[in-house]
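The values are calculated or read from the model by the stated rules, or taken from the named source; none is laboratory data. Note that the structure is a prediction, hence the values are computed from the model and not measured. Because the Cβ atoms are built from the backbone with ideal geometry, glycine has one as well, and the counts that use them run over all protein chains shown.
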Amino acid sequence: MKKDKYLKARGGVAQMINVKCVKCQETVIKYQKDGRGFLKRCYLNRIFEPEILANLQSDPKIKEPSDMPNLTCKCGETIGYPMRHKDGRLAFRIEKGKYLRKKCK
């Protein structure tokens, strides 16, 4: 688990979840969710798997959301779209109803 100084401000709750496709039930990403509530956006530095998405944060070629791919499942279903949060971090905006959220064991 990644920790930072703002964890307590976000409610002190952090959990590892698998974001799965609604269509085929395949795991798209393994993500560290902070706080309570539903998943609105996935920050790149909180993605643990797959490695190709986890390494996007440190890729020097990616400076804008348009340089990033969409977050898609192997079956072709689009789960999220690239965006820039108001604090400047790159993230994926997750579409409601396109994913299932399961806790990691």
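Structure notes:
- Every condition in (1) within 12 Å of the chain's Cα centre (by Cα); (2) of a type outside the set (D, E, K, R); (3) within 19 Å of R101 (Cα to Cα) is met by C21 except one, and the failing one is (1).
- If you go through segment 30-62 and keep only what is over 10 Å from the mean Cα position of the chain (by Cα) and of a type in the set (S, T, N, Q), you end up with N55, Q57, S58.
For (1) surrounded by fewer than 15 Cβ atoms within 10 Å (Cβ to Cβ); (2) of a type outside the set (D, E); (3) in contact with a Phe, Trp or Tyr (Cβ under 8 Å, 6 or more places away or on another chain), each residue gets a yes or a no:
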position	(1), (2), (3)
K40	yes, yes, no
K63	yes, yes, no
C73	no, yes, no
G80	no, yes, yes
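- Complete set of residues in segment 58-101 that are farther than 15 Å from I47 by Cβ, in a loop (DSSP other than H, G, I, E, B) and touching a helix residue (DSSP H, G or I) at 6+ places or on another chain (Cβ under 8 Å): K61
- L53 vs. criteria of a type in the set (A, V, I, L, M, F, W, C), in a loop (DSSP other than H, G, I, E, B) and surrounded by 11 or more Cβ atoms within 10 Å (Cβ to Cβ): no
- Single condition N45 does not satisfy, out of (1) within 21 Å of M16 (Cα to Cα); (2) free of Cβ contacts under 8 Å to residues at least 12 places away in the same chain; (3) surrounded by 12 or more Cβ atoms within 10 Å (Cβ to Cβ): (2)
- Selected residue (criterion: nearest to T72 (Cα to Cα)) from residues of segment 31-53 that are modelled with pLDDT under 80 and out of contact with any Lys or Arg (no Cβ under 6 Å at 6 or more places or on another chain): G37
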